1. Could you sort out which of 16/109; 67/206; 16/46 sit more than 20 Å apart by Cα distance in this structure?
2. Order 72-84, 104-116, 180-192 from most to least packed using the mean count of other Cβ atoms within 10 Å.
3. Calculate, for residue 50 and residue 193, the FRET efficiency according to 1/(1 + (r/R0)^6) with r their C-beta to C-beta distance and R0 41 Å; round to the nearest 0.05.
4. What is the local net charge at residue 1, summed over the other residues whose Cβ is closer than 15 Å to its Cβ (Lys, Arg +1; Asp, Glu -1)?
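FYI, it's all coordinate maths here, none of it is from the lab. Every value quoted in this text rests on a predicted model; they were computed, and no experiment measured them. Here the Cβ positions follow ideal geometry from the backbone for every residue, glycine too, while neighbour counts run over all protein chains shown.
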Amino acid sequence: MSELSKRIIQVQTELKAPKDQYNDFGKFYYRSAESILETLKPLLAKHELLQVISDEIVLSGDWHYIKATVTVSHGEESLSVSALAREQESKKGMDESQITGTASSYARKYALNGLWAIDDTKDSDTNEYRKQTESKPATGTRKSKPAADPKPKSEPEDFLSYDEVLEIQNQILTAMGHTEGATAWRAMLKMFRVTSDTLKREDKSKYLKFFADWGGESNVNGNDK
């Protein structure tokens, strides 16, 4: 085993990157690229590793993606891991530069996850999420609502979060390649008559099965009624 590999394993073992950010709108905990880097930098210094992160624009089909690459090196050895995130056509309250920055942040986070073996696969409806939500301390700035009869989950929880959609997209693009993956994604949206922002949580297994059964765009179109 190379010296670089040994040092990477040491950092992976010592790194603790909890989901320390909370999304009030979606009601879920998450970790950001910035919080990962904050806990990672002391370990990089400790094990004498140099890390560099770069972004580039990748065109796949009709969509532009931000491709983030994390490279870690020790001496003459280096290892790189990349991840992709698609820019949304628009996002309320953001200008174009902010939209690109958001995509960059997501892509960097998933590249860091891949390199440093950070598990970011738990959905916001798992036991971990419920335990975190139940134990979330009151901030003192928000008045608690009076007790009421149980109601159905709020609408945002019925749809996959932006993080979850990006995770599925990255898996598809990694497995199929940029061009074929983008084609499969558009075909899936057409098949289920949804957009990237309205993917239903209850249908996640159906979306994944669609990609597992993917036989090319001609096959899908041939069966599209």
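1. The pairs that break the limit, which is 20 Å between Cα atoms, are 67/206.
2. Ranked from most to least packed, the peptides come out as 104-116, 180-192, 72-84.
3. Numbers: r = 48 Å, r/R0 = 1.17.
The computed FRET efficiency comes out at 0.30.
4. Details: positive: 6, 7; negative: 3, 77.
So the environment of residue 1 carries a net charge of 0.
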